[in-house]
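Beneath this line is the structure, given in structure tokens, with notes to follow.
No value in this document is a laboratory result; all are computed from the given coordinates. Keep in mind that this is a model prediction, so the values were computed, not measured. Note: ideal-geometry Cβ built from the backbone for every residue, glycine included; neighbour counts use all protein chains shown.
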Amino acid sequence: MKGRSSSYGILFVSGSLVADAAGQAPIVLTSLKDDTAGGDTNGDGSASSASPGDWRYVYFASTSTGNRLVNVQIRYGGGGGTTASIYNYTSDLLVDGCTITNSGSSGLLISACSPRVTNSTVSDNNTYGIYATGTSAPTITGNAIRGNASYGLYNSSTTAVVVAEHNNWGALAARTTLWMIGATGGLYNPYGAGNRVTNKVDYDPWDVTNPNGIELCNGIGRRW
């Protein structure tokens, strides 16, 4: 599926969306200008190419249930002044083995709900990889979250802790991200590397082997 423009290009889900390509070629949601998926759909040869923010987003309403994104690639969304390529307001969403990349804003917005995000790559988005708001309590594990412009995971809550253990943050060694609870301590790593996270994100322990099979460093990292 290709998004037409940053003024349109919205997939709104109020019922159920099951996009499950496990064991098959991936399902691709991308820009109309992305000739690498389905060829030259807009028929302009090489005159245009895809860029972040070419279309808007997939929106999972709070009423939606039974949603599954498995082996789905979501590219070049987050356009038109929007917050993310995926807006999610339901706990009944599984994102597994997916790639969320090149958003004009953030990759995935999670608002006051508890979806599962596993074994996926969230990378090279123009703001945050994952943006959690409200009292979100998602399952975020086994992912590669890296190369996002601002934060790999941004939690806007000052009270709720987002647990995001056993993810790879793009660092080549055990020192990975920076996280702090208040001014008096907690998990605090001021010499970290890789995609950083905000306060109120539990990233420890983290993986230093990319879930896509590219070994960055052996074993499991711990905070320093």
Ordered by packing density, taken as the mean number of other Cβ atoms within 10 Å over each peptide's residues, highest first, how do 50-59, 23-32 rank?
50-59, 23-32
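Tell me, what is the percent relative contact order of segment 7-85, built from C-alpha pairs under 8 Å that lie six or more residues apart? The partial results should precede the final answer.
On the way: 152 pairs, mean separation 34.7, N = 79.
Result for segment 7-85 is 44 percent.
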For segment 33-118, what is the convex hull volume of the alpha-carbon atoms per residue, in Å³?
96
Descending packing, highest mean Cβ count within 10 Å first, for 69-79, 129-139 is 69-79, 129-139
Shape of segment 5-54, Cα gyration tensor, a/c cut at 1.5:
oblate
Determine ³J(HN,Hα), in whole Hz, for all residues of segment 33-50 in sequence, where each value follows from phi through the Karplus function 6.51 cos²θ - 1.76 cosθ + 1.60 and θ = phi - 60°; x replaces Gly and Pro.
8, 8, 6, 6, 10, x, x, 7, 5, 8, x, 10, x, 9, 5, 10, 9, 5
